[in-house]
Amino acid sequence: MSSRSLCVEPAQAPLLARPYYADGDPGPIVAALAQVPELMEVALPFIGAALGPSAVDWRSKEIVIVRTSALAGCRYCVRSHTVVALDAGLSRREVRALTTPDAPAQAEFAEPRERALLGWVDTVAGGGPVTDRHQGELRRWWADHEVVEVTVVIGTTLMLNRFATALALPTSPDTLARLTAEGLL
């Protein structure tokens, strides 16, 4: 079965999924979740709350999402969120550092707050043991509610990484064109 067959086309969208198709192609994650609209109805609000606007700024969330996705080896999420990260103000050099999982990304980031965040992402998403030292370094720069939120962002991203990778979700042609134009593909 091809990965495209797992994405529900607009004409076949179940009744509960149709609102997500109202403005056109909802994207591969939504189109795949439309296979099980009852699950989609609870998953999408959670994903939106975890990854959407909140107390943690957009740039920081994209740092978390891109780095986590690179560590998990999710080509779809790395590509999709590289474009978003650029729009959120990350430089090409910063994005390249984030997307190189076998290299420490901290060197490209001047702000101690962002370096602490990257250390946390590398530890939590990398599956290493989380020590008091790791948590202490993050909490030096981040408030408790932000620590909880970025950890939820890591976990949600890992869930989506596994989902997108297992189902071989396709990257949109627009995203591929932008990555090519930015010299990131």
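For the range 74-85, does any single residue satisfy the condition of being of a type in the set (Gly, Ala, Ser), modelled with pLDDT of 95 or more and open to solvent by 20 Å² or more (accessible area, probe 1.4 Å)?
Among the residues of the range 74-85, at least one is of a type in the set (Gly, Ala, Ser), modelled with pLDDT of 95 or more and open to solvent by 20 Å² or more (accessible area, probe 1.4 Å), which makes the answer yes.
Within the range 96-143, work out how many residues are open to solvent by 80 Å² or more (accessible area, probe 1.4 Å), touching a residue at least 24 places away in the same chain (Cβ under 8 Å) and within 19 Å of the chain's Cα centre (by Cα).
Final tally of qualifying residues: 1.
Out of the residues in the range 12-43 that are outside any helix (DSSP H, G or I) and of a type in the set (Gly, Ala, Ser), state the one that is most open to solvent (accessible area, probe 1.4 Å).
ALA22
Which ranges mark the helices (runs of 4 or more DSSP H) fully within the range 73-185 that have 2 or more residues being over 29 Å from GLN35 (Cβ atoms) and of a type in the set (D, E, K, R)?
Passing ranges, in order: 92-98, 112-125, 132-141, 144-166.
Within the range 86-95, take every residue that is among the aliphatic types (A, V, I, L, M) and in contact with a helix residue (DSSP H, G or I) (Cβ under 6 Å, 6 or more places away or on another chain) and give me the one that is least open to solvent (accessible area, probe 1.4 Å).
Across the range 86-95, the extreme among qualifying residues is VAL95.
Hey, can you tell me all the residues within the range 50-61 that are assigned to a helix (DSSP H, G or I) and either open to solvent by less than 10 Å² (accessible area, probe 1.4 Å) or touching a Ser or Thr at 6+ places or on another chain (Cβ under 9 Å) (or both)?
ALA50, LEU51, SER60, LYS61
Within the range 94-106, how many residues are more than 17 Å from LEU184 (Cα to Cα) and either modelled with pLDDT of 90 or more or in contact with a Lys or Arg (Cβ under 9 Å, 6 or more places away or on another chain) (or both)?
Result for the range 94-106: 1.
Need pairs with beta-carbon distance below 9 Å; first residue more than 12 Å from GLY27 (Cα to Cα) and within the range 168-181, second part of a loop (DSSP other than H, G, I, E, B) and open to solvent by less than 50 Å² (accessible area, probe 1.4 Å); sequence gap 6+ or separate chains.
Listed by first residue and then by second, the contacts come to ARG178/LEU184; LEU179/THR171.
The values are calculated or read from the model by the stated rules, or taken from the named source; none is laboratory data. For clarity, every value in this text was computed on a predicted model and none was experimentally measured. All Cβ positions, glycine included, derive from the backbone under ideal geometry; neighbour counts span all protein chains shown. Only protein heavy atoms, including side chains, enter the accessible area calculation; ligands, DNA and RNA are left aside. Shrake-Rupley method; radii C 1.70, N 1.55, O 1.52, S 1.80 Å.
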